[in-house]
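Enquirer: Structure below; questions to follow.
Bear in mind these aren't lab numbers, they're just calculated from the coordinates by the rules spelled out. Every value quoted in this text rests on a predicted model; they were computed, and no experiment measured them. Glycine gets a Cβ as well: all are built from the backbone with ideal geometry, and neighbour counts include every protein chain shown.
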Amino acid sequence: MAEQRITLPVVSQGGSKVGDVEVPALVLAGPPREALLHEVVRSQLASRRAGTAATKTRGFVSGGGKKPWRQKGTGRARAGSSRSPVWAGGGTIFGPQPRSYAYRLPRTARRAALRAAVADRHSTGKLLVVDGLQLPEAKTKRMIECLHGLGLDGQSVLIVLARPDDAIQRAARNLPRVKVLLAGGLNVYDVLGHAALLMTRQALDQVVARLGDDAEARA
């Protein structure tokens, strides 16, 4: 049985069509999987948490080495340290300690979620494949002109490149709604966080190679 494929138009940097590219349907035609997308986004956000909140237990509070008063005969409660949690200035019971909130889902689940996110942008007509991106200089206005030529001006755009490009990365960093990623760093959170997904032809090939293996194995 022949593999089903989806044809995507490829446009030039000026916005005119220059060809087509075929992508396996298993990569772009996946069903919406909102629960899986939710879990992957939660995992990504959990990994970004600093986890540096900390309080001092009685073992870390300075002082309190001497017994405040003798055990018996004073009429007061027995006390062994002025740094007991029941004393003002004492330690904290069960307070937060530095920890990692990160957890990882299985690789197949992460890639299935990424396929679903990219497929969602394709189904809504927000996936654009460009033959190549090149700027004459690393200026913000050049990036604005480029996005205008592609019909993406004023939108939140995730640009995916096959290899680092200093001019494009520097030109886009002052645009708050535009982000540049390499194909190897494409992730669910950033795809869902931008209205449009702009990929170069070579970046698309890398993403398809990355996502196609698990999709074919699942099929």
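Enquirer: First select every other residue whose beta carbon is under 14 angstrom from the beta carbon of L158; then total the charges, Lys and Arg +1, Asp and Glu -1.
Expert: Here the charged neighbours net out to +3.
Enquirer: To the nearest 20 debye, what charge dipole does the chain have about its Cα centre, counting +1 at the Cβ of each Lys and Arg and -1 at the Cβ of each Asp and Glu?
Expert: 2500 debye
Enquirer: Based on the Cβ-Cβ distance from S100 to K56, what FRET efficiency comes out when R0 is 22 Å, to the nearest 0.05?
Expert: 0.60
Enquirer: To continue, here is another question. Per-residue HN-Hα couplings for region 180-189, Karplus 6.51 cos²θ - 1.76 cosθ + 1.60 at θ = phi - 60°, whole Hz, x for Gly and Pro?
Expert: 10, 10, 8, 4, x, x, 4, 9, 5, 4
Enquirer: State which stretch of the chain is the longest one without any exposed GluC sites (Glu not before Pro), exposure meaning a DSSP loop state and at most 13 other Cβ atoms within 10 Å.
Expert: Answer from the scan: 4-136.
Enquirer: Could you tell me the extents of the chain's C-alpha atoms along the three principal axes, largest first, rounded to whole Å?
Expert: 95, 48, 25
Enquirer: Return the FRET efficiency for the residue pair I93, D205: r is the Cβ-Cβ distance, R0 is 41 Å, and the value is rounded to the nearest 0.05.
Expert: FRET efficiency, I93 to D205: 0.10.
Enquirer: Sticking with this one: For K179, give me every one of the lysines with a C-alpha distance below 30 angstrom, ignoring sequence neighbours fewer than eight places off in its own chain.
Expert: Filter leaves K17, K126, K139, K141.
Enquirer: Helix 107-123 against the longest principal axis of the chain: what's the angle in degrees, Cα atoms only, rounded to the nearest 10?
Expert: Helix 107-123 and the main axis of the chain meet at about 50 degrees.
Enquirer: Among S62, S47, which comes first, then next, by fewest other beta-carbon atoms within 10 Å?
Expert: Lowest to highest Cβ neighbour count: S62, S47.
Enquirer: Calculate how steeply helix 140-149 sits against the longest principal axis of the alpha-carbon atoms of the chain, using the helix alpha-carbon long axis, and give the answer as 0 to 90 degrees to the nearest 10.
Expert: 50 degrees
Enquirer: Right, here's the next one. What residues have an amide H closer than 5 Å to that of L161, excluding those fewer than 5 places away on the same chain, when H is modeled at 1.01 Å from N in the peptide plane?
Expert: L181, L182, A183
Enquirer: Same structure again: For a Förster distance of 41 Å, can you work out the FRET efficiency between the beta-carbons of A25 and T140, rounded to the nearest 0.05?
Expert: After rounding to 0.05, the efficiency reads 0.60.
Enquirer: Skipping prolines and chain starts, which residues have an amide H placed within reach, meaning under 5 Å, of the one on V21, given they are 5 or more residues away or on another chain?
Expert: When sequence neighbours closer than 5 places are left aside, the close amide H contacts are L8, V10.
Enquirer: I've got another one for you. Calculate one ³J(HN,Hα) per residue across region 97-106 by plugging θ = phi - 60° into the Karplus curve 6.51 cos²θ - 1.76 cosθ + 1.60, and present them in order as whole Hz with x for glycine and proline.
Expert: 10, x, 7, 9, 8, 5, 8, 10, 7, x
Enquirer: Please give every one of the lysines within straight-line cross-link reach of K66, meaning a C-alpha to C-alpha distance under 27 Å, and leave out same-chain neighbours fewer than 8 residues apart.
Expert: K56
Enquirer: Along region 50-67, what does the Karplus equation 6.51 cos²θ - 1.76 cosθ + 1.60 (θ = phi - 60°) give for ³J(HN,Hα), rounded to whole Hz, x for Gly and Pro?
Expert: 5, x, 9, 4, 8, 10, 8, 7, 4, x, 10, 7, 5, x, x, x, 9, 5
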